Structures are given as C-alpha cells and as structure tokens.
Amino acid sequence: MTPRRTKRTGASFCRRTRREFLWQAGGGFTSVALASMLSQDGFLASQAVAADGTSAFENPLAVKPPHFAPKAKSVIFLFMYGGPSHVDTFDYKPKLFELDGQTIPVKTKGRGGSRNEGRVVGPKWKFKQYGQSGQWISDLFPHLATCADDIAFLKSMTADSPIHGSAMLQMNSGKILSGSPALGSWLNYGLGTVNQNLPGFVVMLDPSGGPISGAKNWSSGYMPATYQGTTMRSKGAPIIDLKPPRGVSRVMQRELLDALMAQNNRHLAGRVDNSDLAARVASYELAYQMQEHAPEAADLGQESPETIRSYGIDDPRTEDFGRRCLLARRLVQRGVRFIQMYSGGSHNDKNWDAHGDLVMNHNLHAGATDQPIAALLKDLKRQGLLDETLVIWGGEFGRQPVAEYANGTGRDHNSYGFTMWAAGGGIRGGVSVGATDELGSAAVERPLHVKHLHATILHLMGLNPNSLSYFYGGLDQKLVGVEPIEPIREII
Amino acid sequence: MHSRHTRLSFYLLLPLGCVLLGFVAPTLAPAADDAPDFSRHIKPILVKRCFSCHGPDKAEGGLRLNDQKSAHGELDSGEVAVRPGKPEESALIARVLSREEGERMPPEGEPLKPEEVALLKSWIAHGGKWELHWAFRPRGKPSPPAVSRTGWVRNPIDAFILARLEKAGLAPAPPAGKVALIRRATQNLTGLPPSPGEVREFLNDQSENAYEKVVDRLLKSPHYGEHWARHWLDVVRFAETNSYERDGPKPNAWKYRDYVIRSLNDDKPYDQFVREQLAGDELPKPTVDSITATGYYRLGVWDDEPADPLLARYDELDGILTTTAQAFLGLTINCARCHDHKIDPIPQTDYYRMLAFFRGLRSYGTRADQTSCNQTEISPPALQTAYQQVERRERSLDKSMREVEQRGIVKMSAEEQRKTETRERQQVLKEKLQAYLDETEWKQYEVLRAERETVRRQRSQLAPREMVLSVTRCIAQPSPTHIMLRGNPHVPGAEVGPGFPQLFDSAPVEISQPAAGAKTSGRRIVLADWITSPDNRLTARVIVNRLWQHQFGRGIVRSPNNFGQIGVPPTHPQLLDWLAENLVQGGWRLKRFHKQLMMSAAYRMSSQGNDAGLKNDPANDLFWRFNMRRLSAEEIRDAIHFVSGRLNAKMYGPGIYPDISPEVLAGQSRPGEGWGKSSLEEQARRSVYIHVKRSLITPILANFDFPETDSSCEARFATTQPSQALGMLNGAFAQREAAFFAERLAREAGEDRAARVDRALQLALCREPGQVDIDWGVGLIESLIQKHQLDEKQALTQFCLIVLNLNEFLYLD
C-alpha cells in the first residue's frame, strides 16, 4: 500500500529483525521460539553447521539492506569534545573584531546561566578565504584550510542544552535524556556490519580520559548490547580482553578452543533445536579470528613512512590524534561502520572547553588535530574512500562571542548557534549552509538542529531517518524523534 | 501532527502485529468451538480492511465499525451489518462474501481470506460484541478445564496447560531428570547452582516428596530474596547514581535494594510491598521499612544541571509515572504524554490525571542540595532525641559565645573586625579576643568554651544517625496539574485533578483536603489502594505474569510491561486469570505461589524437543516442554564464584566494587571516579550487591546483558557475541577465578587428575561426569603439559577456564 508498509513486512517488524522482535517480545531470547523463527531464515541450518567451526558466525550485526542506495558506507565522527568556538574557527564575524572589549547587549545562556549583556572577546585568530569556493577558515587550521573545497559547513547548528552532560547525550543519541542508543548503535542496528571480525561501532578516546558521562556516550541504550560502541586503542592491545594472558600462545588457545568445542558439541547433541548453543560455539570462533584481525587492523607499521609523517605521527604534538586518524582510515578500509574519535577528554582545558584562556586552549587542541584531520581527508581521497566515507567534525555546542569572566578571553557555552562540518560520503564540498547573527551568538538563517545532522547522516547511509525505528516502551522510538525530519539537502 | 499519514501508519501497525504474531504463534487462533476474541482476532481485520471507509473518520452508508451501536443498528440501506448470533443475516458477512464487483467488500485489494471470514462468522455467532481488550476487562474466575489424561495433572495449572495441548494433539514432554530438575529449581529460586552435596542428597532421596522437600528448603534460603530482588530491581530501573555529567551517588540507595531482598525473604504480601513503595510515608503507621520503600521514587536519572528546569522536572515525573504504570499495571501510559494513546483507550487527560497523584513529591534535589528532599532520618527515637538535645545545647552555647565574642570584636581594629567576618575568624579570636575582654567576660567565655567542648564530645559519642533514601518534605497542598499541550510543559492547558485511567470505569477519586499540618497530600495512598485493590484488573495479572516469566523462561504475556493492545496477547489467558485470582486469594503471598508453580507437572517437564512439538509448536506457545535458558549476567558471575569456592554469602549493606581494568576506566572523564575498592573477599559477594553506577556498569555484567539502567526493563536480552567469549577467555576476572578454581580442586580432590576433573565437572555442571567427560578433561590437561610445557598447576587452571566457558555451565535444561 504505502512504501512504509512494504518495508515493515517480511523479515522485519518496525525495522527489527525477527530475532530482535523475539527478544523484545519474548521474555528474553527464547531459544525455542528462535528455533522456529530462524529455521525459516536458513539461520538454524547455518548455525548447526557453525558448530563444526568452519561456517561463518551469523549474528544480529549481519549486513542488512538499507532503505535505498547509500552514498556513504562508513562514518568517521571527529568529536571536538568541550565545544570549539565557532567564531574563532570557521564562522567569520568581522564585526566581532571591531567590538573587542566593548560591553554590548546580547542574550546568552551557558554554564553561568542566562545573561543579557557581555564583554565581547574579539576572535583571536585571523581568517582567510581558501580554495576555489573561498570558504573562510581561521589560522587555527592551516592544514585543514587546504581541504576547503571538500568541506560543507553547517554554520547554524543549534542544540537543546548548553550543558556538557545533556548536550553530549543529545549529539550522540538525539536525546538530552539519559538512556537512549547512540548514533553508532542506530547505524549498526539499521545496517549491520560487513566485517564480522571487527566491531561495527568503534570509539577512540583521548589519552587524557573519556568525555563526561563516559560510556553513556556510546551506550546502546534500550537496544541489545550487540550494538554498543567498543573502545579501541591505537597503542597496545586495540580491544579490551583481546589479548590472551601471558603464557597462552595462539596454538595453545586453538587447542583450548578445540577442547571447548568438542565438549560443547557433545552437549549440543540432543539439543540441536536450540540455535543459541550453536551460536555460542560460533561466537568463540569469531573471537578467535578477531584476535588475529584486530591487531592487524591496528598495526600502523604496515603504513609507509610518508603516510606516517603526513598524519603527524612523528610529531609529539599531533602523534596521538594522528595515530587515531590513521587507524580510523584502516578501519574504514575494513568495513567498520561507525568510528568516533574524541579530541579532548577529561575536564576543563584537557578538552575544547575554553572557559579561561581561549588562546592557550584552542591552540592546543587545534594544534593537535589540524594536521591529522587534513591528512585523513587527503588520504581517504587518494585511496578512493572519501566518496563512501562520511566525515563529521564538531562538538556538543559552540561558544559565546562574549567573555565569561571579568578578565580574560574565556568563552562560555553556546547552544543557540555553532558550526559543524561534513565532508566525503555524498557531501557537496565547498558549500556553507545557514548563518548566525553578526556576533555569532545565535543561528538566524536556516537554523539547523542536531536532529537535522542525524537525519543527514542516516540518509547518506541509505536509511530513512523517519522510518528507522525500534519498538520500546510502547512506542516506535526513532533517533530523530517523533516529528518527521528532513536531511540537510543543501549539502547532499 | 495528527495528519492522515500519521494516523494511517498507526492503523497499519495493528494488522501487521497480528501477521507477525500469527507467525510467532501459529496456534493462537481460537479452537473451533471457542469464541474469537474481539480485540485479538476481529478488531485487527476491521481496522485493516474496513476502517478507512467505515471507521472513526468516515461512516459510508452510515456504518461505523468502531462502534457497536452503529454495527448492530439499521443502516441507510435498511440492512444490519452485524446481527448478533446470526451471521447469515448479517450484511457484513454477505458483503465480504459477495462475488459481485461493486458489491463485495472491501472494494479494493484482495477479498478477505476464508479464515478471516470464518473468524467474523464465528464471532457474530457468539454475539458479535465489541468487547474491551482482554486485559482491560475484569478478571474472570475460570475453573480448571476438563482433560482426558488426568494422571498427568498434579495441580490446576496442569489442567490449563494440558487442555490446550490435548486440543492441539500434542503431548507434554516427559518429566525432567532429577539433576536437571534440582538445577532448574535451585537456579530459578536462588540464582545459584546446587552444591554437589545437595544434588547427591536429592538423587538418594527416594521418598515420594523428595522434590517438595527441595522446593521448601530453597524457599527458606536467604538467597531466594537476593535472586528475586534483582528481577524487581530491573523493573524499577534500580541504580545508585544519577547519570549525566557528574553521575553523582544517591546516598543510601542500597537500603532500598536491601528492603526488596528482605521483603521477599520475609514473604511480605505483594499488595503490602506495592503500598509501601508507592505510599510508605502515607500509611496510617509508617515504619522504617515503609519509609525505606519510598526510595522507589528516587531511583531514576536526575540531571543536576538541567538546560530547561521545568522540562527536567516533568521528565522526572514522567520517569516515575512511566515506571509505575508499566511496573505495577503493565500499561504504557507514557505514550499519552503528548497526545492520546494511539492504540490503547488512554486519552492524554489520563496521563496528567495520573501524574497529579505524584505532584506532592519534590524533585530529587538541586545541585546545591542533593539530600534534603531524598533522605529521611530513621535512627531510633531515643537517638533522634539525643541528637536534638545536643543540637539545642550547641545552638544555645554558640549563641552565648557569639555574644561575648561580639563584645570584644567591636573594640578591635577595623582590619581585625573584617577578618572576623571571614574564614580567619577563629584565628583572630584565638589570638586577640582575650585582650579586648575584661576578666569577668573572659572567665565567662572560658566556661562557655569548656562546656561547648564537652557537648562536642557527647555528640561524637552518639551512635551515627541513620538515613534512608526516600521521599521527604512532601507538599501537602500541591500546585494544580495541567494537561501540557503536546507534552510541552511550557504550554499548560486545562487543569485536571488526580484520577484513574477512564478505561477502568473506576469510581471518581475523592481525596479529602489534607488536615492542617499534614505532611503529605495523601494522594499516593489513594493510588496505592486502587492499584492493590483485589479487583484491580491489571495488578494481579501483571505480577503473576512476572513470576511465571522468571520460572518458565517467558511470560504468559510475552510483553510483561505492556498488557495493552500493542503488547503480545497471553498464550494462556484462562490460566493467567486463574493464577491472578489464586494469588489474591492466597493473601498475595509469593512463596506459596512459587511453590504452586514449581509443584506442577508443567514445571517438572523436560526441555527435550520432539518431532511433533517442534513441528507444530516450535515457539512452545503451548508449553509442551520446558524452556531452556541461559543464566543471567549475575547468575554467571555468582556461579563462577560458587565453583571457584570463593562465593561470600554475606548479605546486605553498601555496594561492593569489583575490580575494573584501567582500559575500561579510561572511558571515564576522571578514570576511577565514583568507583571504590573492595577486598577480594568482598568482591566475591553476590552480584546483586555490586554498586550500580549508571555510567560504569561492571564489564562482565554489561557483556551478558545487564539491563539498561535508565528505564524499566521487562525482560532481559540474552545476546551471544564475541566480546563475551573474549572476556570469559582472556579477561582478568575469568583468569583469576579459574586459578582459584584450580587451587580448590588441588585442595579438595588430591593429586589424581581424573579426580580433579571429576570434582570440577560435578561443581560446574551439577552432575556426575561420565567417562567420556573425564577422559576429555584429563586429555586436555595432559596435552597442555606435554605440548605446551605448562606445569600441573597452569594446566589445571587452563582446564578450569574452559570448564567455566562450557555451554552446559551457562545453560539450564
């Protein structure tokens, strides 16, 4: 009847697979029920074979067809945690330079509450126009400036909260309330992952620590844990518990797993109708393969010295973010669906939260990330991956044009207007959408909400943001909420 | 918002649900001689195929099929669409069967399927009534049906199960073996495996009531309360922190957890348990227990720095209402926060009427004051009096001292005076005061000071005050409650008072004006009384379903938080009502009820499949066999401690902190913050005692599907994923406990490898291993020693690790 209905019939209900429907509906994962459900998918047959250890593991992350042909296959979300100042980075406001030091009426709301006037802090970096498109970029990003024509700027972003905790949750899960699945969870739920040997949703943290609220930012919320983010490191064992303990060689672990499988198969005989048992046997094989594939994926030693240098891995200032950017590219090559990297961690000036000394703070964080990000965009392009890799840059909000305190250059939070950018993966480069007022204090032209960004990401990945839903608590939950939301067409 | 498109898509949802349910549960269609259920079988057909022309929006030919009066009445054409008892005289049937183009209904699309027409006919033959959804109807009092195989029936539960099986031509599975049965009973009641001694005793007990003795013993075990408390904690979204940026602790949240454990172990009647949580402070005689129970209201997430304080306040109330409605009533009233419920007959008014019951509650706190609205002192009255006396004395002494001090201060230099207004006051007084006082004044001051010191010492000798997480400082005269337009608290609409959902036709709520000086509005006790009234249509059904769910592996209603029309219909509606009635008649006592479930033949069936069952009822809708299940996250962790010999049975008290690796802690903005350190012995306590920090769930629990902490969890997932395998093979916890397990074997089973393997498998699998199992274990140990140069201890440890990874260890038959 309607396209929507067609989508819902067949193997999925509210975009849930039959397995998930049963999890939801059935007092947990009722194995017996599954036997019947899955046998119709041919799942049972393959699982029964999987007990021999040679067949592939089929799990809820198996690839699912998108709603329509996608532009992008993977997303790299560069999360500038703490909130970078848009008027010092990409949102050029000549007027602000003039007003530097003057107290003017302007409505703001941040950590320090709501105010009606403030002392303007003029932008601390010069702006120039770059590329054929002539996009304005400040001196904080000399490397990134060379990619201006690949980037689409969203200069009228808004969020519902100027407070880190709830704003982070919103940028990551669409809701300022705690407890909903993250964007990466939605993508893996909607699309599955093409590489079963690696997690489909990877999070790479800043060495200074995680963001506030920690794992809540990559939680799968009310969805199964299958869809939650896995933290991955660019040094040492890349994934938690990946490395066998000392004294356990790979050959020995193989033998242990063979012994495990032998005994499990004896147990399985007489219980063959329970596909969970076979699935669990197969999951050990996948774990065994991950132990081989994940370190290989994380092995930057396979990269050329030029590549290493281009990412700034030879420079202590850019080494860490450079390693993570390079790892991100390697993960994209291997089919990882969603990768999120945090620039900045912990609290205060360990991230972009420049309440005190703006110059020191932004020089530090832009300095650590500018070259690696530019290298990532160019590297992706060179490898022909940029077209299918959507790169998103931004924080949970921006910063105010005025000072937070009587002295100094620090700026308070600003969720009324800020800038994010996107590149690759079906994005039209060299454009800019929306605008803030002449002070950069609030979005005035084509205001965009976090929901629009999420809708755009889902859309480019081949999912309809208004029909990707998950039934929970009596409702069809959606990443973008109840009201239909359009993707940002101007940049697609 | 309420565009045609939106509405249409919601209508579409219904039939689809049924298509799927048909798929899940092919046996759910009524047997030939049973009346079809209107909401389950008939309404979906009408909604899907008829409503677009004959429904709430349009009434072509004068017919509305959402309205019994219209359908039973005379239409514009003079016909009657539905003539009760007479399908052959009903135009509805004639029209759907018509072969004439233009005559046949529906005019578009495929004609109705023969089985759909048969359902309609049978429904009309049985009266053709527009009946309320089954769960919204008063409970019936069904009698156990007659069955032919009477020998199988041990109690009335079996009659309900067997009657359906016989109708479907299926036989119940044979009884489970004794090992499977004691393991099932012990895990299901206590969350722990039986010890080898307990298994042996049961196997050796040939008496008629051997099993009954086991059940009785288990129901007396304090571990019963620990295990079943966790089921309840899932439903009420128990956690001990607030989430958001600081994820700060909720002081004394563990006392609520202990309250639940104690209540279950004491076999507190369920209605009392509910009343205490909802209105423990409004009971005629509040007790420490009942005040602690109101910690229920303080368990949710709470943003200490909300971007929109008014919205945050309503979100907080929504959390309470959503949880209360789902936990106690199985109703998704939350769907009506912004608009009328799309599926169930719950208008938006109902949401705000229900919300009004909670309007006397204060918010959890403010960023500056995070205790005064959620902590109640419950120290013994004598101690409270002692503290009050000491405090009164302190205040009076402080006042006298300040008077004397002031006499000196006014004579001091301006600079010194200023300093006395700062933190340096004590310093200045110590150095200078004597110089500015005369001798009498100084003596007087010294006496006061000495006395003050004595009082301070008295105070330090008093036992510590005891506080509980609870509601407190409630508002006796709450401000009015308004319907919020589209759920937006900034757009208040009409005012409403407290009231129950209209679909229940309850008597209007009457709440007397609180007496002068009343501490609370008295609204919540009215709500609690209504919920726990024996004839509440949902309460008893909802709780017996939860008890059944955790005993049989799935609820009779598979959506335990949602008994509404979008939930999953019961597979055994008669049984559900019988159980509900039985619980109420039994004084809401849960232990007696558990015993009844467990003594049934249905509970004692094997989980073995057979061809007929697998073919005809693969989803086991009819309970022709017992459902296998994987242990829950806590059960896995506890069982590991149980077999490694380290399980610490200490009960109650503040939460414990299992070691969490630095790699996991690195995800926090301040690694390690809010996570304490417990000794190895404390860490080996049962998992229900682990501190629940919303942003830092203990990895082994998270890996095995610990529920999301921020909203009610009706049923856990049981996922299978490689991160579980990695954790169980390589994780520090599994490795450590495997080593303890190996030490235990060496200690208890001597030097002989076969004896060690034998002991290991008895502990982990609760059964006597066969020769093939012993050979398997010994072979593995030998190979590790010979091929991989491990010493005896290392090899035994690796063997133990593999035992902890066996499917048989994690799954119950």
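The values are calculated or read from the model by the stated rules, or taken from the named source; none is laboratory data. This one's a predicted model, so the numbers in the text were calculated from it and none came from an experiment. As a convention, Cβ positions derive from the backbone with ideal geometry for all residues, glycine included, and neighbour counts pool all protein chains shown.
The residues of the stretch B:324-338 that are more than 9 Å from chain A (Cβ to nearest Cβ) and either within 15 Å of residue B:538 (Cβ to Cβ) or not in a helix (DSSP H, G or I) (or both), listed by number, are B:324, B:325, B:327, B:328, B:329, B:330, B:337. For the stretch A:72-125, which residues satisfy the criterion of being basic (Lys, Arg) and either over 30 Å from residue A:335 (Cβ atoms) or free of Cβ contacts under 8 Å to residues at least 40 places away in the same chain (or both)? Of everything in the stretch A:72-125, those that are basic (Lys, Arg) and either over 30 Å from residue A:335 (Cβ atoms) or free of Cβ contacts under 8 Å to residues at least 40 places away in the same chain (or both) turn out to be A:93, A:95, A:107, A:109, A:111, A:115, A:119, A:124. Considering the stretch A:372-393, and only residues there that are buried (at least 24 other Cβ atoms within 10 Å of the Cβ) and not hydrophobic (A, V, I, L, M, F, W, C), the residue that is nearest to residue A:106 (Cα to Cα) turns out to be A:372.
Here residue B:368 clears all of (1) crowded, with 16+ Cβ neighbours inside 10 Å; (2) at pLDDT below 95; (3) hydrophobic (A, V, I, L, M, F, W, C) except the condition numbered (1).
Number of residues in the stretch A:208-229 that are out of contact with any Lys or Arg (no Cβ under 9 Å at 6 or more places or on another chain) and more than 7 Å from chain B (Cβ to nearest Cβ) equals 8.
If the condition is being surrounded by fewer than 16 Cβ atoms within 10 Å (Cβ to Cβ) and touching a residue at least 12 places away in the same chain (Cβ under 8 Å), then the stretch B:600-616 contributes B:610, B:612, B:616.
As a summary of the residue check, residue B:344 satisfies the conditions (1) charged (D, E, K, R); (2) part of a helix (DSSP H, G or I); (3) within 14 Å of another protein chain (Cβ to nearest Cβ) except for the one numbered (2). Every condition in (1) under 41 Å from the mean Cα position of the chain (by Cα); (2) modelled with pLDDT of 90 or more; (3) surrounded by fewer than 17 Cβ atoms within 10 Å (Cβ to Cβ) holds for residue B:166 except the one numbered (3).
If you go through the stretch B:230-248 and keep only what is touching a His at 6+ places or on another chain (Cβ under 9 Å), farther than 10 Å from residue A:165 by Cβ and of a type outside the set (Val, Ile, Thr), you end up with B:231, B:240. Could you count how many residues in the stretch B:414-430 are in a helix (DSSP H, G or I) and within 13 Å of residue B:402 (Cα to Cα)? Total meeting the criteria: 3. Evaluated against (1) surrounded by fewer than 23 Cβ atoms within 10 Å (Cβ to Cβ); (2) touching a Leu at 6+ places or on another chain (Cβ under 9 Å); (3) more than 8 Å from chain B (Cβ to nearest Cβ); (4) within 30 Å of residue B:693 (Cα to Cα), residue A:233 falls short on exactly one condition, (3).
Of the residues examined, residue B:65 is not one that is modelled with pLDDT under 80, of a type outside the set (Val, Ile, Thr) and surrounded by 15 or more Cβ atoms within 10 Å (Cβ to Cβ). Residue B:619 falls short of the stated requirement of being assigned to a loop (DSSP other than H, G, I, E, B) and free of Cβ contacts under 8 Å to residues at least 24 places away in the same chain. Taking the stretch B:614-653 as the range and being within 14 Å of chain A (Cβ to nearest Cβ) and of a type in the set (A, V, I, L, M) as the test, the residues that pass are B:614, B:619, B:622, B:628, B:631, B:633, B:636. Considering the conditions (1) in a helix (DSSP H, G or I); (2) within 14 Å of chain B (Cβ to nearest Cβ), residue A:176 is excluded by exactly one of them, (1). Residues that are of a type in the set (Lys, Arg) and over 39 Å from the mean Cα position of the chain (by Cα) do occur in the stretch B:415-422.
Of the residues A:277, A:257, A:286, the single one that is crowded, with 18+ Cβ neighbours inside 10 Å, more than 7 Å from chain B (Cβ to nearest Cβ) and either in a helix (DSSP H, G or I) or of a type in the set (D, E, K, R) (or both) is A:257.
Quick grid of which residues meet (1) surrounded by fewer than 19 Cβ atoms within 10 Å (Cβ to Cβ); (2) small (Gly, Ala, Ser):
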site: B:140; (1), (2): yes, yes
site: B:150; (1), (2): yes, no
site: B:154; (1), (2): yes, no
site: B:173; (1), (2): no, yes
site: B:180; (1), (2): no, yes
site: B:189; (1), (2): no, no
site: B:195; (1), (2): yes, yes
site: B:199; (1), (2): no, no
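Residue count for the stretch B:138-161 under the criterion of being under 13 Å from residue B:576 (Cα atoms) and of a type in the set (Lys, Arg): the result is 2. For the criterion of being at pLDDT 95 or above, part of a helix (DSSP H, G or I), out of contact with any strand residue (DSSP E or B) (no Cβ under 9 Å at 6 or more places or on another chain) and surrounded by fewer than 22 Cβ atoms within 10 Å (Cβ to Cβ), residue B:217 passes. Among the residues of the stretch A:241-254, the one identified as part of a helix (DSSP H, G or I) and within 7 Å of chain B (Cβ to nearest Cβ) is A:252.
Of all residues in the stretch A:96-118, none satisfies being β-branched (Val, Ile, Thr) and not in a strand (DSSP E or B).
This table checks each residue for (1) away from chain A (no Cβ under 14 Å); (2) outside any helix (DSSP H, G or I).
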| site | (1), (2) |
| --- | --- |
| B:570 | no, yes |
| B:588 | yes, yes |
| B:593 | yes, no |
| B:602 | yes, yes |
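Given the criterion over 23 Å from residue B:281 (Cα atoms), β-branched (Val, Ile, Thr), within 25 Å of the chain's Cα centre (by Cα) and assigned to a helix (DSSP H, G or I), identify the matching residue among B:455, B:544, B:526, B:557. Just one listed residue meets the conditions, B:544.
On the stretch given as the stretch A:296-320, residues that are out of contact with any strand residue (DSSP E or B) (no Cβ under 9 Å at 6 or more places or on another chain), small (Gly, Ala, Ser) and not in a helix (DSSP H, G or I) total 2.
If we keep just the residues of the stretch A:469-485 that are aromatic (Phe, Trp, Tyr) and within 11 Å of chain B (Cβ to nearest Cβ), which is surrounded by the most Cβ atoms within 10 Å (Cβ to Cβ)? Result: A:471. Only one entry of B:597, B:590 meets the criterion of being buried (at least 22 other Cβ atoms within 10 Å of the Cβ) and either under 21 Å from residue B:211 (Cβ atoms) or among the hydrophobic types (A, V, I, L, M, F, W, C) (or both), and that entry is B:590. On inspection, residue A:331 does not qualify as more than 14 Å from every other protein chain (Cβ to nearest Cβ) and either farther than 22 Å from residue A:73 by Cα or in a loop (DSSP other than H, G, I, E, B) (or both).
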